[in-house]
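Chemist: One structure, as structure tokens, below. Some questions next.
The values are calculated or read from the model by the stated rules, or taken from the named source; none is laboratory data. Predicted, not measured: the structure shown is a model, and the values here were computed from it. Glycine gets a Cβ as well: all are built from the backbone with ideal geometry, and neighbour counts include every protein chain shown. When the accessible area is computed, the model is the full protein with side chains, heavy atoms only, and any ligands, DNA or RNA have been set aside. Shrake-Rupley method; radii C 1.70, N 1.55, O 1.52, S 1.80 Å.
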Amino acid sequence: MMKIVYTVVLIMLSLPSFSQDYPDFDALCGEIDSEFDASIGQTVYFTPYDNPIYFKKYASDGKEAYKMTINVVGPSKQVGKGVIIRLQQNYSIRKPDVITEVYQDSNGQYIHYATFTLNKNDISMLKNYLITNYELYMYMGGESDNNLKYQAYMYCMTKYK
């Protein structure tokens with residue numbers, strides 16, 4: 001019996017530490033900034049704009065609204081309608097009526113983007129499942145390095161009021 005316990009302990013110690021794979025979400029909350037507009041009594045919380053995905057939360061009078069913006073580099077300036085955010089376990093968030101926009105950056109690349117409102121179900125999905133990739137109109141994107149960060153940002157946005 002002791003040999004079995006000893007073997008189980010050794011196996012458990014040899015497994016990789018999963019806590020190293022998942023950063024402390026609360027530590028990432030410090031990356032969220034806010035601005036208060038006294039003229040309308042509204043606070044806007046926002047994540048860093050240097051990522052292909054960023055979030056904003058508008059809060060006033062106990063009400064909250066969440067927006068998400070996604071940027072994707074595309075080969076042409078053609079725009080259209082539709083956003084699909086694919087999540088783990090084959091879940092997705094679909095926004096078929098969202099119209100994409102485009103601008104050309106200083107390197108000559110076409111940056112396609114869309115900003116849209118998130119409902120309660122969208123927020124729950126983003127908090128509970130990692131984004132695997134996304135599509136704006138016909139342009140694909142998705143950076144696995146940041147996807148855990150996006151989940152953390154949504155967690156932070158909803159945690160703090």
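Chemist: Take Arg94, project a point 7 Å from its Cα along the Cβ direction, then tell me which residues of segment 52-81 have their backbone nitrogen under 20 Å from it.
Modeler: 68, 70, 80-81
Chemist: Compute the normalised compactness of segment 31-89: alpha-carbon radius of gyration over 2.2 N^0.38 Å, N being the residue count.
Modeler: 1.45
Chemist: In Å², what does the accessible area per residue of segment 63-161 work out to with a 1.4 Å probe?
Modeler: Numbers: 5440 Å² over 99 residues.
Here the per-residue accessible area is 55 Å².
Chemist: Enumerate the calculated ³J(HN,Hα) couplings along segment 88-105 in order (Karplus 6.51 cos²θ - 1.76 cosθ + 1.60, θ = phi - 60°), each rounded to whole Hz, writing x wherever the residue is Gly or Pro.
Modeler: 4, 6, 6, 8, 8, 10, 10, 10, x, 9, 6, 8, 7, 10, 8, 9, 9, 7
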